[in-house]
Amino acid sequence: MKKNTIEILCNPITKEKLRLETTGSGEEFLVGVLSGRRFPIKNDIPVFISSDEITGANKRYQGLYDKIARGYDFFEKIVADLTWGGRDNVRRDIVRGVRLNPGDRFLEVSVGTGINLRYLPDDAEFFGLDISSGMLSRCQRNLKKWKLQAELFQGTAEQLPFCDNSFDVVYHFGGINFFNDKKQAIVEMIRVAKGGASIFIGDENENVAKAGEKSKIPFAKEFYANRQETVTVPDNLLPPTMLNVKVEQRWKGRFYFLSFVKPMNA
C-alpha cells in the first residue's frame, strides 16, 4: 500500500490515524496509533468492518450483493443492451458532470464492480469503498482486466475510513436507498471531501422501486420487497451551507442525481 494512501486513512470510528504493521507470517494490518485496534488487509483490501458490527439494512443488502456479485456485470450488460440502449450509454450518463483534473483524488462510495471507473479519465487517483466483499473481488478482477489502478476498501458509508478533506470528488451511485442511516452517510461524504469539492449522490427513484417489487426476476424482488419508506431524493438531509445544490433525473428518468459543492471553509 502506498505511503500517501496510508496518510489519508483513519479508524472509521475514532478517526485516529493508522500505521501499517506486518506480522512474522506476512499478514498485514492497519493499526490505530492510539487505540491499537487492528484492521486486517485481506487480498490487498483493508477491511474496516466485522460481521458483528453490521446490522439492519446494511447487513441484509451486504448479503444480497455478495450473492449476486459473480453475475452482476453480465446481467447488467444484458439488460442495458436489450432495454436501455447499451451499457456504455447508460454508464456515461451516470458519470455525466464529473470533472477530474490529472492527479485528483476520486472516491466512489459503493464502488461495486468498479464499472463507473471505466468511463472517467484514467489520470486521476481512484479510491473505492464497498460493504460487499463479493463486489470488491469482482472489482479487483475488472480493474486488472481494464488495466486501471484503484485503492479498494471494505467498509460502510456511515463510517468512512478516510481523514477529513481528503478527496477532490466524492461520488456515490446506487445503494443509499438501502443504507441504515442516509443522513450519516451524507455527513461522512461531506467530511472526507476537500473544500470546494463536488459531491454526487444518485440512486433509483420510486418508479424503479415499485417496478422492482413486481419484478419476476428473483433477486430484483428481494431488493425492493418489504420497503419501509418511499424513495425520495435526500436533498433535505444536506447541511444548509452546501453550495450549487442540483437535483436531476437521469437514465431516462429511472434515477435521481443530487449534486452539490462543499464550501471552501467547511
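The values are calculated or read from the model by the stated rules, or taken from the named source; none is laboratory data. As the structure is a computational prediction, the values presented were derived from the model and not from experiment. Positions of Cβ are backbone-derived with ideal geometry, glycine not excepted, and every protein chain shown enters the neighbour counts.
Condition first: within 14 Å of the chain's Cα centre (by Cα), surrounded by fewer than 22 Cβ atoms within 10 Å (Cβ to Cβ) and closer than 22 Å to Asn4 by Cβ. Can you find one or more residues in region 169-181 that meet it?
yes
Among the residues that make up region 226-233, is at least one of them under 16 Å from Glu108 (Cα atoms), in the same structural domain as Phe106 (by TED's automatic domain parsing), at pLDDT 90 or above and not acidic (Asp, Glu)?
No, that holds for no residue.
So, in region 174-202, exactly how many residues are under 20 Å from Met264 (Cα atoms) and either assigned to a helix (DSSP H, G or I) or not hydrophobic (A, V, I, L, M, F, W, C) (or both)? Walk me through how you get there before you give the answer.
The initial filter retains those residues of region 174-202 that are under 20 Å from Met264 (Cα atoms), namely 186-201.
Okay, now just the ones that are also either assigned to a helix (DSSP H, G or I) or not hydrophobic (A, V, I, L, M, F, W, C) (or both), so 186-192, 194-196, 198.
Within region 174-202, residues that are under 20 Å from Met264 (Cα atoms) and either assigned to a helix (DSSP H, G or I) or not hydrophobic (A, V, I, L, M, F, W, C) (or both) number 11.
When you go through Glu204, Glu213, Glu222, Glu188 one by one, which is the residue that is in the same structural domain as Ser110 (by TED's automatic domain parsing), of a type in the set (Asp, Glu) and surrounded by fewer than 15 Cβ atoms within 10 Å (Cβ to Cβ)?
Answer to the selection: Glu213.
Sort through Ile131, Ile49, Ile115 and tell me the only one that's farther than 23 Å from Asn205 by Cα and touching a residue at least 40 places away in the same chain (Cβ under 8 Å).
Ile49
Give me the helices (runs of 4 or more DSSP H) completely within region 1-119, filtered to those with at least 3 residues that are assigned by TED's automatic domain parsing to the domain that holds Asp181 and on the phi < 0 side of the Ramachandran plot, ordered by residue number. Please lay out each step first, then the result.
Working: elements: 3-6, 56-83, 87-94.
Output list reads 56-83, 87-94.
Taking Ala57 as meeting all but one of (1) under 20 Å from the mean Cα position of the chain (by Cα); (2) without any contact (Cβ under 8 Å) to a residue 12 or more places away in the chain, write down the number of the exception.
(2)
Return the pair list, or none, for Cβ contacts closer than 7 Å from residues in region 70-83 that are in contact (Cβ under 8 Å) with a residue 12 or more places away in the chain to residues that are of a type in the set (Ser, Thr, Tyr), at least 6 apart or on different chains.
The qualifying pairs are Tyr72/Thr113; Asp73/Thr113.
Could you check Leu129 against (1) surrounded by fewer than 20 Cβ atoms within 10 Å (Cβ to Cβ); (2) not in a helix (DSSP H, G or I) and say which number it fails?
The single condition Leu129 does not satisfy is (1).
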